[in-house]
Amino acid sequence: MATNGEEQQSQAGRHQEVGHKSLLQSDALYQYILETSVYPREPECMKELREVTAKHPWNIMTTSADEGQFLNMLLKLVNAKNTMEIGVYTGYSLLATALAIPEDGKILAMDINRENYELGLPVIQKAGVAHKIDFKEGPALPVLDQMIEDGKCHGSFDFIFVDADKDNYINYHKRLIELVKVGGLIGYDNTLWNGSVVAPPDAPMRKYVRYYRDFVLELNKALAADPRIEICMLPVGDGITLCRRIQ
Ligand code: SAM
Ligand code: CA
């Protein structure tokens with residue numbers, strides 16, 4: 001068992017990397033993944049965007065580099081072309097997506113904050129993939145409702161990445177299940193929520209972690225019980241649950 005001193009020492013080494021919410025057994029192991037697999041193959045534009053984002057005060061929100069690599073590979077594996085992203089921030093997962101989809105691929109990207117998107121936009125433009133992005137500023141839910149009402153986009157998305165307000169994930173799911181195609185994927189991010197999903201209710205937690213925890217727990221239960229999807233929860237980043245629509 002770790003002594004208090006050892007625990008403090010290992011805690012002191014945590015969260016050095018931007019977007020690092022590693023669930024692995026040690027930071028050294030996470031660092032190994034970054035240095036062996038991710039950084040040597042990270043496109044220059046992704047690196048630049050990561051460095052721009054690192055200087056921003058809310059950089060804890062960014063998708064980590066290992067998750068960016070995972071998303072990029074996944075999108076290529078499923079031949080995603082028509083995609084959606086809810087929660088853009090400065091655009092790291094957006095750029096990972098834009099680089100993975102074909103020239104005529106599309107990303108409907110939504111965020112309530114345009115300023116942060118515009119911070120990363122010059123890097124995305126320089127990478128030559130901005131034409132694939134349709135950015136909509138504002139809350140995502142009304143846009144989804146409108147799309148469902150219009151009836152044009154039913155079953156049309158190959159891939160949807162959800163990385164925004166965790167207290168709305170269940171509401172997103174109700175709509176996205178209609179918009180994703182049968183055989184298509186929805187990825188819900190942060191479903192292990194800092195590891196707090198297994199913490200006792202009285203454990204010390206940051207305020208925002210505690211607030212969203214119940215919503216994440218509720219989502220995880222709902223996804224596991226939903227017969228319209230197959231699921232796979234991966235300990236990449238802060239946990240991502242992939243949902244494949246089957247009906
Ligand atoms: N995927 C991003 C990346 O790779 O850096 C990180 C997204 S960050 C964790 C969450 C984002 O969700 C924030 O930029 C926030 O402004 C946005 N957001 C919060 N509530 C939202 C809503 N109702 N609709 C759309 N976006 C929202
Ligand atoms: Ca996230």
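The values are calculated or read from the model by the stated rules, or taken from the named source; none is laboratory data. Worth saying up front: this structure is predicted, and the values here are computed from it rather than measured. Backbone-built Cβ (ideal geometry, glycine too); neighbour counts: all protein chains shown. The area values use the complete protein model at the heavy-atom level, side chains included, leaving out ligands, DNA and RNA. Shrake-Rupley method; radii C 1.70, N 1.55, O 1.52, S 1.80 Å.
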Heavy-atom accessible area per residue, segment 25-243, 1.4 Å probe: how many Å²? 47
Rounded if a/c is under 1.5, else prolate if a/b beats b/c, else oblate: with a ≥ b ≥ c from the C-alpha gyration tensor eigenvalues square-rooted, which is segment 106-247? oblate
Kindly work out what percent of the DSSP beta bridges joining two residues of the chain are antiparallel, to the nearest 5. 35
Can you tell me which of 146-159, 54-67 comes out highest on packing, and rank the rest after it, using the mean Cβ neighbours within 10 Å? 54-67, 146-159
Which number comes out as Rg/Rh for the chain once both Rg and the Kirkwood Rh are worked out on C-alpha atoms? 0.96
